[in-house]
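To start, the structure itself, in structure tokens.
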Amino acid sequence: MIDLTLNQLLRQKTAANPDHEFMVYADRDLRFTYAEFDKRVDNLACGLYAIGVRKGDNLGIWATNVPDWLTYMFACARLGAVAVTVNTSYKLHELEYLVKQSDLKVLCLSDGMKDSNYVQMIKELVPELDTYERGCLKSERFPCLKNVVFMGPEKFRGLYSTPELLLLGQHVDIEIIHEIERTVSPHDVVNMQYTSGTTGFPKGVMLTSYNIVNDGFIIGERMRYTENDRLCLLVPLFHCFGIVLGVMAVLTHGATHVLLESFDPLVALASIQKEKCTSLYGVPTMFIAELNHPMFSMFDMSSLRTGIMAGSGVPVELMKTVIDKMHMPEITSVYGLTESSPGMTQSHWNDTVEVKANTVGDAFEGIDVKVLDPETGKECPVGVQGEMCCKGWNVMKGYYKMPEATAETIDKNGYLHSGDLGVKDEDGNYRITGRIKDMIIRGGENIYPREIEEFLIQMPQIKDIQVAAVKDKKYGEITGAFIILHEGMTLKEEDVIEYCRGKISKFKWPQLIMFLDEFPMTGSGKIQKFKLTELGTKYRKEVLGLE
């Protein structure tokens, strides 16, 4: 196990290989070596100290994968502060909840994304920014908030900019920062990530350096990472997939990140070719977008060998296609949740295609993974479905200011309950079969959406599919299939039913079929099934006149 703070690890890797590339943005040819990045972190840490950031303070980062995203996170670690990652898709109500619940002292933000102007939104929530002098903010709604920082060169009234912080930092003695570093423990909270909120209110998951550094190290080991690896990182940094599976796996092995500010399949393909990336990450929808891009065949993917497909259910056929067409024979899948830092199981680089495609691998070293019966709490035998649970060094410190919710998730024996259903096979590998709350109960019959999704995705016309419960007066719930078709393909509801006939039990057949252009998703790439439930229920009632 690595017993280092996030800051100590960066110092160590910088000293070992200062001129090696740490971070690259291929679309703008922006490059930082380990030494250059480490120096910028020092300068920004001094700047944050100058505006009052101290050990234990919570600092929010609300931005797409901009070049200084990681600078702010590591500067926090250097000061012993906690980097609170904010979902890039948040709107006013969600942002208000997070800023208040997390007791943010500083919020650092970029210009925004799509239809969201972050500066405009924070000024709507904190109108005092236009009247108070910077550093002297007094917000009626957010009494803990003292500063807002724009993570770029532009100037906005009431906000500091990154260049201004770097300038202020020149007046701070670096020895003050070094002294703070020496007081920080690997077991202090370094990162707080809010659960995506697919169910209930988002909760602040408190993670330590020990949690995320070791999780990232094992992930990198299972992909045979060395300093020569170059990871094309497309997923958001605010999420564990980006920060831990990505940044921590790279940092612990002294490798290189090739980053995209936001996901674009064409830029991703171009970055892989230009930088000769060896590894690629993504949720299934990202891989689908890359494979189906009309220019896919024009790019050279031969430098790739490994990577991770995770974040939501991984279709078996998609995994096989990626291995074949994207030259990734050593691709792996990781299973876990934010509360487990996030990985608890992962397949290995040299596992068979069958293991990679049909399971999420075996338990991480030092982690006790069990499949427990949700009713009795007892361990399920091999092959019997139960709830995926784990105990060990990867379990979060808890939810911020939510002791009752923490106690509901981590039981008296120290096991973290995932809410996911899975089975363990005779080889020690695990297969995820669905979520407990995703389970459809149709007139007393239990239906697991994952089973139907894996079945229907084999239809050649279907590009992607999600199965979710739809409310029904007679049965309580029925099965809804929400389908995205391949471009140029057509499919009728009766075709789907005919495909099911004789192949799966009739009670599992989808009773509502809707064709969509896209799925409702969280900013971290998770499909929001509860919104599909709402959509299907509304459609049956308002369009079909059924209840």
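The values are calculated or read from the model by the stated rules, or taken from the named source; none is laboratory data. Just so you know, these numbers come straight off a predicted model, no measurement behind them. So basically every Cβ, Gly included, is an ideal-geometry build from the backbone, and we count neighbours across all protein chains shown. Heavy atoms of the whole protein, side chains included, go into the accessibility calculation; ligands, DNA and RNA do not. Shrake-Rupley method; radii C 1.70, N 1.55, O 1.52, S 1.80 Å.
Can you tell me which residue within the stretch 513-547, out of those that are among the hydroxyl-bearing types (Ser, Thr, Tyr) and either under 16 Å from LYS437 (Cβ atoms) or in a helix (DSSP H, G or I) (or both), is modelled with the lowest pLDDT?
So the residue we want is THR522.
For residues in the stretch 325-339 being part of a loop (DSSP other than H, G, I, E, B) and open to solvent by 20 Å² or more (accessible area, probe 1.4 Å), which is nearest to ASP351 (Cα to Cα)?
The qualifying residue nearest to ASP351 (Cα to Cα) is PRO329.
Which ones in the stretch 420-467 are small (Gly, Ala, Ser) and touching an Asp or Glu at 6+ places or on another chain (Cβ under 7 Å)?
The one that is small (Gly, Ala, Ser) and touching an Asp or Glu at 6+ places or on another chain (Cβ under 7 Å): GLY428.
Suppose we filter the stretch 87-110 for residues that are modelled with pLDDT of 95 or more and either assigned to a loop (DSSP other than H, G, I, E, B) or open to solvent by 10 Å² or more (accessible area, probe 1.4 Å) (or both); how many remain?
7
Looking for something buried (at least 16 other Cβ atoms within 10 Å of the Cβ), among the aliphatic types (A, V, I, L, M), outside any strand (DSSP E or B) and at pLDDT 95 or above - is there at least one such residue anywhere in the stretch 383-397?
Yes; the residues of the stretch 383-397 include at least one that is buried (at least 16 other Cβ atoms within 10 Å of the Cβ), among the aliphatic types (A, V, I, L, M), outside any strand (DSSP E or B) and at pLDDT 95 or above.
Confirm whether ASN65 is open to solvent by less than 10 Å² (accessible area, probe 1.4 Å) and part of a loop (DSSP other than H, G, I, E, B).
yes
For the stretch 461-485, enumerate the residues that are modelled with pLDDT of 95 or more and assigned to a loop (DSSP other than H, G, I, E, B).
Scanning the stretch 461-485 gives a single hit, GLN461.
Can you pull out every residue in the stretch 475-492 that is surrounded by fewer than 20 Cβ atoms within 10 Å (Cβ to Cβ) and either touching a Phe, Trp or Tyr at 6+ places or on another chain (Cβ under 9 Å) or of a type outside the set (Asp, Glu) (or both)?
Listed by number, the residues that qualify are TYR475, GLY476, ILE484, LEU485, HIS486, GLY488, MET489, THR490, LEU491, LYS492.
Look at ILE212 and say whether it is over 30 Å from LYS529 (Cβ atoms) and either in contact with a strand residue (DSSP E or B) (Cβ under 9 Å, 6 or more places away or on another chain) or touching a residue at least 12 places away in the same chain (Cβ under 8 Å) (or both).
Against the criterion (over 30 Å from LYS529 (Cβ atoms) and either in contact with a strand residue (DSSP E or B) (Cβ under 9 Å, 6 or more places away or on another chain) or touching a residue at least 12 places away in the same chain (Cβ under 8 Å) (or both)), ILE212 does not qualify.
Search the stretch 68-85 for residues being part of a loop (DSSP other than H, G, I, E, B) and out of contact with any strand residue (DSSP E or B) (no Cβ under 8 Å at 6 or more places or on another chain), and hand back the single one that is surrounded by the fewest Cβ atoms within 10 Å (Cβ to Cβ).
ASP68
Considering only residues that are surrounded by 23 or more Cβ atoms within 10 Å (Cβ to Cβ), aliphatic (A, V, I, L, M) and touching a Phe, Trp or Tyr at 6+ places or on another chain (Cβ under 8 Å), which ones fall in the stretch 278-309?
Scanning the stretch 278-309 gives VAL283, ILE308, MET309.
Would you mention how many residues in the stretch 172-226 are in a helix (DSSP H, G or I) and either small (Gly, Ala, Ser) or open to solvent by 10 Å² or more (accessible area, probe 1.4 Å) (or both)?
Summing the residues that are in a helix (DSSP H, G or I) and either small (Gly, Ala, Ser) or open to solvent by 10 Å² or more (accessible area, probe 1.4 Å) (or both) in the stretch 172-226 gives 14.
Looking at the stretch 356-374, I want the residues that are farther than 16 Å from GLY343 by Cα and have a partner that is modelled with pLDDT under 95 and surrounded by fewer than 17 Cβ atoms within 10 Å (Cβ to Cβ) with Cβ atoms under 6 Å, at least 6 apart or on another chain. Which pairs are those?
What qualifies is ALA357/VAL316; ALA357/LYS320.
Could you give me the residue pairs with C-beta distances under 9 Å whose first residue belongs to the stretch 428-452 and is without any contact (Cβ under 8 Å) to a residue 12 or more places away in the chain, whose second residue is surrounded by fewer than 21 Cβ atoms within 10 Å (Cβ to Cβ) and of a type in the set (Gly, Ala, Ser) wherever it lies, and which are 6+ apart or on separate chains?
Partner pairs satisfying both residue conditions: GLY444/GLY476.
Within the stretch 361-382, which residues are open to solvent by 20 Å² or more (accessible area, probe 1.4 Å) and within 20 Å of the chain's Cα centre (by Cα)?
ALA363
When residues of the stretch 228-271 are filtered for being assigned to a helix (DSSP H, G or I), open to solvent by less than 20 Å² (accessible area, probe 1.4 Å) and without any contact (Cβ under 8 Å) to a residue 40 or more places away in the chain, how many remain?
Number of matching residues: 6.
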